[in-house]
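To start, the structure itself, in structure tokens.
The values are calculated or read from the model by the stated rules, or taken from the named source; none is laboratory data. As the structure is a prediction and not an experimental result, all values here were calculated from the model. Please note: Cβ atoms are built from the backbone with ideal geometry, for glycine as well, and neighbour counts cover all protein chains shown. Each accessible area value is taken on the protein alone, full model and side chains, heavy atoms only, with ligands, DNA and RNA left out. Shrake-Rupley method; radii C 1.70, N 1.55, O 1.52, S 1.80 Å.
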Amino acid sequence: MKKTINLMTAAALLLAAGVSADAADKRYPIAYVQKVEITDPSHRNIAWEKKDFLNCDDVVLTEEDVRYALRHMRRVSWKGYDPEQVVDATGCEGEALVTFKNGRVLAMGIEPTGRIGTAEYDRKADIVAGSTSFYECSPCRTRKMALLKDALNRADERRLKRLVAEGQLSASEAARRLNWARVQRDKP
């Protein structure tokens with residue numbers, strides 16, 4: 001009985017303190033960030049090079065995104081992160097280096113979908129053994145998916161305008177298809 005009361009008290013204190021179950025990794029406190037350097041704002045892989053589908057230049061990583069991810073990312077296993085098994089990867093991953101006051105550097109690869117891969121380096125730029133970690137950031141996904149959705153809408157518009165210009169599609173049919181695609185993306 002006493003153990004149950006202690007657990008309930010601890011849970012209530014955590015809720016009162018505003019700590020969520022999805023709290024960020026405590027090894028990388030945002031208060032100790034010295035510098036954030038965006039090394040690649042939007043890296044595209046070969047599968048996503050076709051700009052008619054998605055132009056990764058429309059979906060770039062910012063310093064604000066990196067700081068937000070550090071606050072909200074939660075650790076997942078490789079199995080939960082595995083890019084071969086997950087279908088929601090966009091290929092527009094941004095990369096950043098985060099330097100902390102203790103000299104450690106965290107290399108981060110952040111997808112607009114909220115998937116994050118990291119590796120930690122020491123002051124000598126040597127990788128710290130066992131530091132590769134994988135994260136998900138649901139709040140990050142919410143923030144960036146709006147931008148991604150807008151980029152996909154612009155790509156659809158470019159593609160349909162090209163088809164109209166080539167005479168393969170009427171303007172009214174292109175407008176109908178564009179409207180349909182946007183409605184489909186807005187569905188939950």
- What does the accessible area per residue of the stretch 133-184 come to in Å², with a 1.4 Å probe and no ligands, DNA or RNA counted? 58
- For residue 180 and residue 138, extending 7 Å from Cα along the Cα-Cβ vector and measuring point to point gives, in nm, a value of 3.3
- Note on the structure: Rounded to 0.05, the calculated FRET efficiency for the beta carbons of residue 154 and residue 126 at R₀ = 30 Å is 0.10
